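Student: Let me begin by handing over the structure; questions about it come next.
The values are calculated or read from the model by the stated rules, or taken from the named source; none is laboratory data. Please read all numbers here as calculations on a predicted model, not as lab measurements. Glycine gets a Cβ as well: all are built from the backbone with ideal geometry, and neighbour counts include every protein chain shown.
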């Protein structure tokens, strides 16, 4: 059995809104349509997950999308899409 690693594949921030999950739908959909998002959706071990956190710097929210990859796919993700 090959080990899987979970990595953050995309982040975005949002101001203080009444329903942040509703407002996050558009940026999530746009990311999923991007080259990076399509690659993640096709190559992740399971469906990627999004997470919402309070952002104390902007008094809004920070959203993170995480995905799990195995071996060579993790290396490929890091080489193709990861930013420093």
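Student: Tally up the residues in the range 61-72 that are farther than 16 Å from residue 17 by Cβ, surrounded by 11 or more Cβ atoms within 10 Å (Cβ to Cβ) and either free of Cβ contacts under 8 Å to residues at least 24 places away in the same chain or within 16 Å of the chain's Cα centre (by Cα) (or both), please.
Tutor: Qualifying residue count, the range 61-72: 6.
Student: Hey, among the residues in the range 6-31 that are in a loop (DSSP other than H, G, I, E, B) and free of Cβ contacts under 8 Å to residues at least 40 places away in the same chain, which one's surrounded by the fewest Cβ atoms within 10 Å (Cβ to Cβ)?
Tutor: 18
Student: Something else now. Return the total of residues in the range 32-57 being closer than 19 Å to residue 72 by Cα, under 11 Å from the mean Cα position of the chain (by Cα) and in a helix (DSSP H, G or I).
Tutor: Adding up the residues that qualify gives 4.
Student: Continuing with this model, one more query. Exactly one of (1) surrounded by 13 or more Cβ atoms within 10 Å (Cβ to Cβ); (2) over 16 Å from residue 5 (Cα atoms); (3) at pLDDT below 90 is unmet by residue 58. Its number?
Tutor: Unmet for residue 58, out of (1) surrounded by 13 or more Cβ atoms within 10 Å (Cβ to Cβ); (2) over 16 Å from residue 5 (Cα atoms); (3) at pLDDT below 90: (1).
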